[in-house]
1. Computed over the Cα atoms of segment 575-641, what is the ratio Rg over Rh, Rh following Kirkwood?
2. Arranged from highest to lowest average of other beta-carbon atoms within 10 Å per residue, in what order do the peptides 602-611, 298-307, 165-174, 636-645 appear?
3. How much length would be gained if the chain were fully extended between Val263 and Glu637, taking 0.36 nm per residue of separation minus their Cα-Cα distance, in nm to one decimal?
4. Given a Förster distance of 41 Å, report the FRET efficiency between Thr332 and Glu398 from their Cβ-Cβ distance, rounded to the nearest 0.05.
5. Just order 80-87, 467-474, 569-576 by mean Cβ neighbour count inside 10 Å, highest at the front, would you?
6. Of Lys311/Lys593; Lys102/Lys234; Lys269/Lys618; Lys311/Lys457, which pairs sit farther than 24 Å apart, going by alpha carbon to alpha carbon?
7. At 0.36 nm per residue, minus the direct Cα-Cα distance, what do Glu204 and Asp566 gain on full extension? Give it in nm, one decimal, please.
8. Taking Cα pairs under 8 Å and at least six residues apart, what relative contact order does segment 162-314 come out at, in percent?
Amino acid sequence: MGRDLGDTKVYRKKREAALKKAKTLAAFLFKAAAFAGLSLTALFLTLVLFLPLPEPKVPQATRVYDAKGQIVSSLFVQNRIVVGPSEFSPELRQATVAVEDKRFYSHYGLDFQALGRALVRNLKARRIVEGGSTITQQTARNLFLTLEVTPQRKFMEMVYTLKLEMLYTKEEILTMYLNQLYMGHGTWGMEVAARTYFGKSARELDLAESALLAGIIRGPEYYSPYHDMDASLKRRSLVLDLMVEQDYISDAKAQEVKTQKVVLAGLPKSFAPYFVNYVISGLKSRHPGIEDQIYRGGYEIHTTLDLEMQKAAESAFEKYITPGAKDARGITQPQGALVAIEPETGYIKAMVGGRDWKETQLNRAYQVTRQPGSAFKIFLYAAVIDQGHPVTETRICEPVTYPGASPKEPYRPVDYGRRPYHYAPLTIRQAVAISDNVVATKWAQEMTPERIIDYAKALGIASRLQANLPLALGASEVSPLEMTVAAATLSAGGIRPEPIAVLKVVDHKGQVLEDNRVKRTPAISSGTAYVLTSVLRSVLGPYGTGAGLDGILGGRPAAGKTGTTDKELEGWFVGYTRELACSVYVGWDNREKSLPGTGAAVAGPIWAHFMAEALRGKPFLDWTVPPDAVWAEVSAETGTLAWAGATNTYYEVFLRRALPSPSLFPPVVIESIIPPDGADVEEVPMVIASESVSPESVIRAEPRPDQPSLPPGPGFDELLRRLFPKTSEP
């Protein structure tokens, strides 16, 4: 008994000590909690009152526009356009508040009633079925915090929520919220959402459209009408019912709107990825500091692109490029490029840098150089004509040998096709039309490679060129962009335009970062450009290497040059009209396989179909004869100015300073009289000069409408028919 009693006394003492200690600890904890609560409250109030709001980091999409103001592409981390309060329709604001936070205008950022209701529902469901966050809370979280679920983040969310309510009006907070929302399909904010779903701005949305977009907020990917129209319509009906309940609209109006059909704009397609790549690369080069901000800074980039021409370019490239096969890297080959420039301005109107941007981002329009083949003869004959050689001057196509890279490797140019030589004297026009290699090499030796390089650089070639005779046949590599600049220079009468892709760049504050103007530099004389253009028009004539392309153009005045390299590894067509210059290149990236045809066959159709569509509906424009060029009647037998009574004649164009010597008989020349509007050209009277005249006194004359693009020569028609039953191409 004593032992038990002793144990009891010890137990009681221990229990009393423990209770006393517990009471002391409880008192301490209560005081600590009270202190902590007061401290936390004090900290909370201090932060609310004195902590400045962080600088919000709101990524905005950079917009790329074409020359007419149409959106070409959006560059973004988040595809967003931030707009002001007046840019959201009243219906959109009401619908959003009705479905997302009906007490928005009555609470002070924290809605304890909504929090309590959400807590009860979530406990009953044993999962999160309802959130209690207000519009202000969501705005604070989106602007200043991460989505990480921690007590610390929730605490700071409440701090920033009250700060927002203190510093901004309800309408300003709602505007922030509408600019922040993710709305599905890579779109952020209601402005981009309105354009994505309905093809209009947010301020133009009607009630039906506003209710549908407000319904998407809760689950963009689930409620998007692009994914599930039925779910989207049910959600729209819910929003309309809530708007009735909250007295924004009448029940009759809601029932009427519920019957309205949804008309979607269609998910936008991004055009001209290679052009946009060219634009962004240029901006980064000119403005190094812009690199980190280009996809989030909200810039507006106004470009020279013509979206309709770009669509025509992409369509022609897709339809008419050689059927492809995957190479070892999984890239479809052959690849290619197309560049189109407006000659008078240098504006790049269209650009294709490959078959598929998703497959390969290498922009072959300017990042790749390739041998242009005979397309390079443009520069050779620019030199020949400018150096005073008349178009009727001939060189014989015959075997010839030149020193090569080594004594054991002489250079012997030959022509394309079954016969390596024509064994005939060819005028400049004839040699260009059939793209004769032997005659071109003879002219190149006379001009010298160094002089040809000078003309190439003057016309727009910046790539490094090898000073050798094969240069004239396109042995050095150039880019499609460079060749297009050269073509544009000829079209513009010898004035080289600087290629321009960007007109203006404006930042999100409206400050102009870049404002470009047309830059033009005299390259060759207007007469040389006109005469060479006339010669290059023969390429598209009946016996030219581009024969057949003129039919696709519908007879529109055009000039051009084909180009094919050895073993048909590359194919080119470089051509132009008064309004547009364009180059097309086709070839395997690694040059491992030949093309199934010449430049005329693989690049020509792309060029011609693009040009026809790009210029559809535009008037046919011809080049005006400049003062330093003249058309005159010449003898087909001698190539000299025709004498009175001569029968075998045709009209040819010359530089005034390069007229061929007149024959022993008086030449016959014509002077055109400008017809009145509507007059038939055939009815225009021609004044015949019957007196003997010198070359310098030949009267300027417009070419006759029936002038052949490839004038006859001594037996030349028969020679072509015999040697080239089909179009030939070097």
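The values are calculated or read from the model by the stated rules, or taken from the named source; none is laboratory data. All of these numbers come straight from a predicted model, not from anything done at the bench. Note: ideal-geometry Cβ built from the backbone for every residue, glycine included; neighbour counts use all protein chains shown. Please note that ligands, DNA and RNA were not included when accessible areas were found on the heavy atoms of the full protein model with its side chains. Shrake-Rupley method; radii C 1.70, N 1.55, O 1.52, S 1.80 Å.
1. Reported Rg/Rh, Kirkwood definition of Rh: 1.17.
2. Listed from highest to lowest mean packing, they are 602-611, 298-307, 636-645, 165-174.
3. So the extension gain works out to 127.5 nm.
4. The formula returns an efficiency of 0.40 here.
5. 569-576, 467-474, 80-87
6. Listed pairs above 24 Å: Lys311/Lys593; Lys269/Lys618; Lys311/Lys457.
7. That pair, Glu204 and Asp566, stretches by 124.4 nm at full extension.
8. Once normalised by length, the contact order is 16 percent.
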